[in-house]
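Trainee: Before I ask anything, here is the structure I am working with.
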Amino acid sequence: APKSFERVIRAWDKAGTQDGGNWSAGVKMAIDKQGFFWVLDVARGQWNATNRERVIKQMAELDGGGVEIEIEIEGGSGGIESGENTIRNLAGYRINSHHPTGDKPSRAYAFSSQVGAGNVRVLKRPWTKDFIDEYRFFPRGRYDDQVDAGSDAFNRLAKKKKRIGSW
């Protein structure tokens, strides 16, 4: 992997069941100067809401202030409240939130296109096989949490930053 990147984001797909059900996943992704996308890290676990928020904060501390954080705020009062709690928990960090639109395969399509074109690099780590397998079997696989988080990270990275002012 390069020593520096243009932008780095960790996106979270949150779940709230301890030791069962869906997984919470935080995918850390970057774009380099040549326009290649890099999957740098995946944090994944089946945590209750309290432990999940603790892990998200710990990962933000480990990643450092230069890493943007992206969270999905799902509809309904529970999703909105969960999103607000995460934002409050991450005071002092660069955090973005969004409300998902469209179905999951549609949201994953842009990232899938870049994978197919050879523009995505994935570091070889203990989490790599599970990450790739989840994408390989999506949307028919058992889980889609890493896909959601990875797609959110990619979609945020792929958006051009808008310059404000004339400097």
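Trainee: Would you point out the residue of the range 107-127, among those that are within 17 Å of residue 36 (Cβ to Cβ), open to solvent by less than 30 Å² (accessible area, probe 1.4 Å) and not in a strand (DSSP E or B), that is modelled with the lowest pLDDT? If you could, list the steps in order and put the result at the bottom.
Mentor: Residues of the range 107-127 within 17 Å of residue 36 (Cβ to Cβ): 110-124.
Adding the requirement that they be open to solvent by less than 30 Å² (accessible area, probe 1.4 Å) leaves 111, 120, 123.
Cutting the leftovers down to not in a strand (DSSP E or B) gives us 111, 123.
Working: 111: 94, 123: 97.
So the residue we want is 111.
Trainee: Could you say which residue among 17, 101 is surrounded by 12 or more Cβ atoms within 10 Å (Cβ to Cβ), of a type in the set (Val, Ile, Thr) and out of contact with any strand residue (DSSP E or B) (no Cβ under 6 Å at 6 or more places or on another chain)? Please lay out each step first, then the result.
Mentor: Details: 101 fails: surrounded by 12 or more Cβ atoms within 10 Å (Cβ to Cβ).
Being surrounded by 12 or more Cβ atoms within 10 Å (Cβ to Cβ), of a type in the set (Val, Ile, Thr) and out of contact with any strand residue (DSSP E or B) (no Cβ under 6 Å at 6 or more places or on another chain) holds for just one of 17, 101, which is 17.
Trainee: Quick check, is residue 27 in contact (Cβ under 8 Å) with a residue 12 or more places away in the chain, in a strand (DSSP E or B) and either among the aliphatic types (A, V, I, L, M) or crowded, with 16+ Cβ neighbours inside 10 Å (or both)?
Mentor: Spelling it out, residue 27 is indeed in contact (Cβ under 8 Å) with a residue 12 or more places away in the chain, in a strand (DSSP E or B) and either among the aliphatic types (A, V, I, L, M) or crowded, with 16+ Cβ neighbours inside 10 Å (or both).
Trainee: From 35, 92, grab the single residue that is open to solvent by 50 Å² or more (accessible area, probe 1.4 Å) and at positive phi. Don't jump to the end; show me each part of the working.
Mentor: On the way: 35 fails: open to solvent by 50 Å² or more (accessible area, probe 1.4 Å).
Selected residue: 92, the only one of 35, 92 that is open to solvent by 50 Å² or more (accessible area, probe 1.4 Å) and at positive phi.
Trainee: Let me ask something else. Restricting to the range 76-106, name every residue that is part of a helix (DSSP H, G or I), of a type in the set (D, E, K, R) and at pLDDT 90 or above. Walk me through how you get there before you give the answer.
Mentor: Initial filter on the range 76-106 (part of a helix (DSSP H, G or I)): 76-89, 104-106.
Among the residues that remain, those that are also of a type in the set (D, E, K, R) are: 81, 84, 88, 104.
Across the range 76-106, the qualifying residue is only 88.
Trainee: Let me ask another. If I go through the range 50-75 residue by residue, how many of them are in a helix (DSSP H, G or I), out of contact with any helix residue (DSSP H, G or I) (no Cβ under 7 Å at 6 or more places or on another chain) and not β-branched (Val, Ile, Thr)?
Mentor: Just the residues of the range 50-75 that are in a helix (DSSP H, G or I), to begin with: 50-63.
Next, from what is left, pick out any that are out of contact with any helix residue (DSSP H, G or I) (no Cβ under 7 Å at 6 or more places or on another chain): 50-52, 54-55, 58-63.
Filter again for not β-branched (Val, Ile, Thr), leaving 51-52, 54, 58-63.
Total meeting the criteria: 9.
Trainee: Would you please name the residue that is least open to solvent (accessible area, probe 1.4 Å), looking only at residues in the range 1-14 that are outside any strand (DSSP E or B) and modelled with pLDDT of 95 or more? Walk me through how you get there before you give the answer.
Mentor: Quick first cut of the range 1-14, residues outside any strand (DSSP E or B) only: 1-6, 14.
Adding the requirement that they be modelled with pLDDT of 95 or more leaves 5-6.
On the way: 5: 50, 6: 109 Å².
Within the range 1-14, the match that is least open to solvent (accessible area, probe 1.4 Å) is 5.
Trainee: Can you go through 148, 130, 152 and tell me which one is in a helix (DSSP H, G or I), touching a residue at least 40 places away in the same chain (Cβ under 8 Å) and open to solvent by 40 Å² or more (accessible area, probe 1.4 Å)? If you could, list the steps in order and put the result at the bottom.
Mentor: Values: 148 fails: open to solvent by 40 Å² or more (accessible area, probe 1.4 Å); 152 fails: open to solvent by 40 Å² or more (accessible area, probe 1.4 Å).
Criteria check complete, one pass: 130.
The values are calculated or read from the model by the stated rules, or taken from the named source; none is laboratory data. Keep in mind the model is a prediction, meaning the values are calculated, not measured. Please note: Cβ atoms are built from the backbone with ideal geometry, for glycine as well, and neighbour counts cover all protein chains shown. What goes into the accessible areas is simple: the full protein's heavy atoms, side chains included, and nothing from ligands, DNA or RNA. Shrake-Rupley method; radii C 1.70, N 1.55, O 1.52, S 1.80 Å.
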